[in-house]
1. Report the relative contact order of the stretch 73-190, percent, no decimals, based on alpha-carbon pairs under 8 angstrom and at least 6 residues apart.
2. Label points 7 Å out from Cα along the Cβ direction at Arg93 and Ser186: separation in nm?
3. Could you count how many Lys pairs in the stretch 35-163 have their Cα atoms under 29 Å apart, skipping same-chain pairs fewer than 8 positions apart?
4. How far, in nm, would the chain grow between Ser77 and Asp175 when pulled straight, counting 0.36 nm per residue and subtracting the alpha carbon separation?
5. Would you mind computing, in nm to one decimal, how far apart the modelled labels at Glu45 and Cys104 are, each placed 7 Å from Cα along Cα→Cβ?
6. What is the stretch 1-111's relative contact order, in percent, from Cα pairs under 8 angstrom and six or more apart in sequence?
7. Under Stokes-Einstein, with the Kirkwood radius over Cα pairs standing in for Rh, what whole-number D in µm²/s applies to the stretch 56-123 at 25 °C and 0.890 mPa s?
8. Relative to the present Cα-Cα distance, how much length would full extension add between Asp166 and Thr114 at 0.36 nm per residue of separation?
Amino acid sequence: MDTTLPQAILLLSLNDKTGKTEDGYYQPALAGADIADLLLHRAIEFQAEDGTLVPLRHKRSMGAFLDQCDGVIGAASKAREITYWISELANQRDVIATIADELCHLGALSKEKTTMFGLFSRTVWPEASPVLESTLKAEMAAAMFEGNDPIEERLCLAIGLSKSVDLLKHNFDPDLLSQHQARIDSICKGDCLHSDATEAVVQAVQAAIEAANAAADSVIAGIID
């Protein structure tokens with residue numbers, strides 16, 4: 001993969017023409033992607049006994065968004081569980097804008113201003129060049145549909161996180177996804193992951209999304225009642 005995990009998830013989340021995100025709970029996936037990448041960079045450490053994340057001393061830069069989230073975790077007064085950080089980082093200000101600006105610098109996106117209802121201005125990020133996203137999708141397709149092993153861990157996480165927020169159906173042929181469901185499920189369950197830490201990230205994202213869905217259902221039920 002030529003992108004960070006958060007960049008990969010955002011590329012798959014954005015409509016190429018409108019530059020808007022597809023419907024769904026993509027924020028937890030972006031937060032999970034960030035945590036997974038920080039783990040892979042060994043900027044943080046997963047404590048299996050209590051499920052918490054511990055910041056590690058380092059001086060390298062990993063990119064604007066990863067550095068921003070690394071700083072938030074590092075500034076915490078105590079170690080927190082992954083589920084806490086999924087929620088906390090998903091609600092950070094300018095999450096999408098920070099990652100999108102990185103992709104603009106890489107030439108994948110462009111930045112535009114649009115008006116909603118003739119009153120409200122918003123920023124969108126339509127596709128500027130398809131190269132990065134096309135390469136990412138080709139790698140994901142090979143892993144899911146061709147059974148190419150071993151799968152690089154960052155790519156495996158991109159597939160698992162994308163499935164958790166229904167991004168696969170927006171980016172790949174539904175018939176192929178159906179035909180290779182068992183293979184995709186195996187990848188998403190962590191069978192191709194190399195550590196308990198990255199598997200825990202995928203599970204935490206799924207739990208966050210289930211909680212968000214349950215909360216939304218509760219609100220709807222209250223309105224109906």
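1. Computed value for the stretch 73-190: 16 percent relative contact order.
2. 4.7 nm
3. 5
4. 30.5 nm
5. Taking the simple label geometry, Glu45 and Cys104 are separated by 3.9 nm.
6. With pairs under 8 Å counted, the relative contact order is 27 percent.
7. Estimated via Stokes-Einstein, D reaches 171 µm²/s.
8. Full extension from Asp166 to Thr114 adds 16.1 nm.
Read-outs: derived from the displayed coordinates by stated rules, not from any lab. Keep in mind that what you see is a predicted model, and the values were worked out from it rather than measured. Reconstructed Cβ throughout: ideal geometry from the backbone, glycine too, with neighbour counts over all protein chains shown.
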